[in-house]
Structures are given as structure tokens and as C-alpha cells.
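Nothing in this text is a laboratory measurement; each read-out follows from the coordinates by a stated rule. Small disclaimer: the values here were computed from a predicted structure and weren't measured. Note: ideal-geometry Cβ built from the backbone for every residue, glycine included; neighbour counts use all protein chains shown.
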Amino acid sequence: MKAFVYHNYGSPDVLRCEEIAKPTAGDNEVLLKVCAASVNALDWRLMRGKPLFTRLMIGGLRKPKVTQPGVDVAGQIEAVGRNVTQFKPGDGVFGTCRGAFAEYTCAIENKLAPKPINSSFEEAAAVPVAAISALQGLRDKGRIQPGQKVLVDGASGGVGTFAVQIAKSFGAEVTAVCSTRNVDAARSLGADHVIDYTREDFTKSGQRYDLILGANAHHSIFDYRRALSQDGIYVMVGGGWTQILQALLLAPLLSLIGSKKMCFFVANINQKDLVLLKDLLEAGKVVPVIDRRYPLSDTGEALRYLEEGHARGKVVITVE
Ligand SMILES: NC(=O)c1ccc[n+]([C@@H]2O[C@H](COP(=O)([O-])OP(=O)(O)OC[C@H]3O[C@@H](n4cnc5c(N)ncnc54)[C@H](OP(=O)(O)O)[C@@H]3O)[C@@H](O)[C@H]2O)c1
């Protein structure tokens, strides 16, 4: 089968489309015929292996240990391992795996859920990492409540477009922060207020928020703290390396002072939340926003585009 692999760290130029053996499902896994995959910042960050601590986190100091990129997947089950009870060959599913940028991949049963009945494979593949990060950031870390003032910074990217819709589904009053060209799209996703970050700095407006989700955080942690209400919570999902380091090192300390809370978290992909998202998609409360679609052969271009940092929603790979 065809699969994208890399044997050295670097730009998308290190990616190779190779003929490799079709994988065999382990006892708790299914073999998936990949119909679509989606690209996450994680994919290009791991491929770059920069900064160095990303290599320390995943192993592979000089050469990558994980050589097949691609986590988000949607496809059709071809075969199931002997302990798999929830799925059978022919079922359409979505979730996460390793090596999604390929014709076939194996995925653990409990990292998958049935594909939403009203979604295409492309739409389903756009969901897992980005939507679960938004959901867990708002619900579990942010303890979102109906009527709260919630601000999503980086509202036009993969995580942000889900976060705006999910926050609305929880009954929050949502402010989306994005650039001029994405203002209308943010409104159409349901945002009650939209701030164009090229014209206005929300951290200096005097407005306070109960919950700020840094979907793509570009301000200093002190700016976010200033924009929080008395008992407000700041949850950082991602952003620049400075912001990530600040959140890792300073958020726990700043949370000890006063009643404002700040944290960074890493999403935990699980079947329960995939099923919850499937229900939200089927109810029409969440609609994946797909910016671009690339054929499998153009996986490198898809990664390159996402790494530029201005995708409007998700970037999807389609597999013939
Ligand atoms: N912690 C976790 O478990 C977890 C999980 C998933 C993702 N992440 C991280 O979360 C971050 C976001 O992921 P993503 O998939 O949403 O990325 P993405 O799709 O690449 O984000 C691109 C979006 O960010 C917007 N943006 C760029 N600069 C901005 C700024 N200064 N202010 C506001 N928005 C800005 C861009 O809008 P414009 O073009 O208008 O500038 C674009 O729409 C990444 O750093 C990723 O690594 C973390």
C-alpha cells in the first residue's frame, strides 16, 4: 500500500510516499481503509522535531522514532482484531490512529466511534483532535457554564472553529478573536461578538471574560490574566512556543495568586468524547469547517499550508 513516511526530521521535503506492507490489526485494533485524514499542527511539529524538547518528549533524539505521520482519520473497517466487539468489517468510523496519511492504517477500537450519519468521511476526519481539544478545554479545564462570557482566541483555525460552536452549544455568550478576513465566518459559526485582532487588542479593551480559550494564543500570559473576570479561567490549547512555555511554567504559579485560574493541557482522545461529538454533529450543533482538501499524493503540500499558520478551519487529505 502507499503511505507517507519520513526518516529524518525536517520540512515537508523529508516526506516520501513509499510502498509498504499493509498493516495487520492487533487484538484490540481494527484495520481501516482510509477514506480521509486531516492534518494537525502536531503532524508538522513532530516532523520538524523542533524545538529539541519535542524530540525528548516522543523519543528519537537524532532520528524520528515515529515515522508515519497522520493522526486524524475516517474510513471503513476492513478487518477486526480478535478482542474487538464494537465494530465489524464495512462499518464507517472516525477517530485517531498512527499513520493516517496512507491507504490503510490500524486503529485501537476505543479511539474510534461510528461516523456521524450526516457527515462525509472528509468532515468526520476533520473532527477528532481539534474538536476534542476544544471540547475538553472548554468543558473539563474551563468548566464552561451557560450564560458565561467566553472568549476564543484563534477562533478561525482548526481548534477555534470547533471551540466557537461547542461553546455556543453549552449556552455561553461567545466572543471570537480572528483577523479581518475571517470575521464574517466567525459570525456565521454563531459567535455573538467578533474582535478583529488586526484592529483591536481585546486584552486592552477593559472587557473581562469568565473563560478564555487560547486556541491559538499569541498574547503574553499576563495579558490573558488581565482580561479574566474575578474568578475567570484561562485555558491554553496551543499557540506560539513562547506562549506554550509561559503557560507550562507560569500558569501553575499564577493560579496560586488570587482566584483566577490558568492552565495548559493536552487533549485526551477517547471514545466517549468522540461519541459526544458525533451526537453534536448529527444534531447540527457542530459543523466541521474545511478550508482545503488535498489528495493523498499532495500530503506534503497540505502540511506546508497548515504550517503557514493561516488555515481557515481544517485541512483534509482525501484518499481515493
Ligand atoms: N494541547 C493540545 O492537546 C492541542 C491539541 C490540538 C492543537 N493544539 C495546538 O493548538 C494550536 C492551534 O491549533 P489549530 O489546529 O487551531 O491551528 P491552525 O488551524 O493552524 O490555526 C490557524 C489559525 O490561527 C489563526 N491565527 C494566527 N495568528 C493569530 C493571532 N495572532 N490571533 C488569533 N488568531 C490567529 C489564523 O487566523 P488568521 O489567518 O486570521 O491569522 C488561522 O485561522 C496549535 O499550536 C496546536 O499545536 C494543542
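Brief remarks follow.
- Sites listed here are trypsin sites (Lys or Arg not before Pro) in the stretch 213-320 whose DSSP assignment is loop and whose Cβ has at most 16 other Cβ atoms within 10 Å: LYS285.
- Each label point was placed 7 Å from the Cα along the Cα-to-Cβ direction; for ARG187 and ALA79 their separation is 5.4 nm.
- If a spin label sat at a point 7 angstrom from the Cα of GLU103 along the line to its beta carbon, the backbone N atoms of the stretch 70-89 nearer than 17 Å would be those of 75-79.
- Contour minus Cα-Cα distance for ASN268 and GLN230 (0.36 nm per residue): 10.8 nm
- Considering all C-alpha pairs of the chain, those separated by over 33 Å amount to 25%.
- Summing +1 for each Lys or Arg and -1 for each Asp or Glu among the other residues whose beta-carbon sits under 10 angstrom from that of ALA251 gives +2.
- Förster radius 22 Å - calculated FRET efficiency between ASP91 and LYS2, Cβ distance, rounded to 0.05: 0.45
- Partners of LYS141 within straight-line reach, counting aspartates and glutamates whose Cα lies under 19 Å from its Cα and excluding those fewer than 8 residues away in the same chain: ASP153, GLU173, ASP210, ASP231, ASP273.
- Relative to the 2.2 N^0.38 Å rule of thumb, the stretch 171-320 has a C-alpha radius of gyration ratio of 1.17.
- For a paramagnetic label modelled on SER255 (point 7 Å from Cα along Cα→Cβ), amide N atoms under 19 Å away are absent within the stretch 164-188.
- Fraction of the pair-distance distribution of the stretch 187-246 above 14 Å, Cα-Cα pairs, percent: 59 percent
- Debye-formula intensities of the stretch 1-130, expressed as log10 I(q)/I(0) at q = 0.16, 0.22 Å⁻¹, are -0.78, -1.23 (one equal scatterer per alpha-carbon, no solvent).
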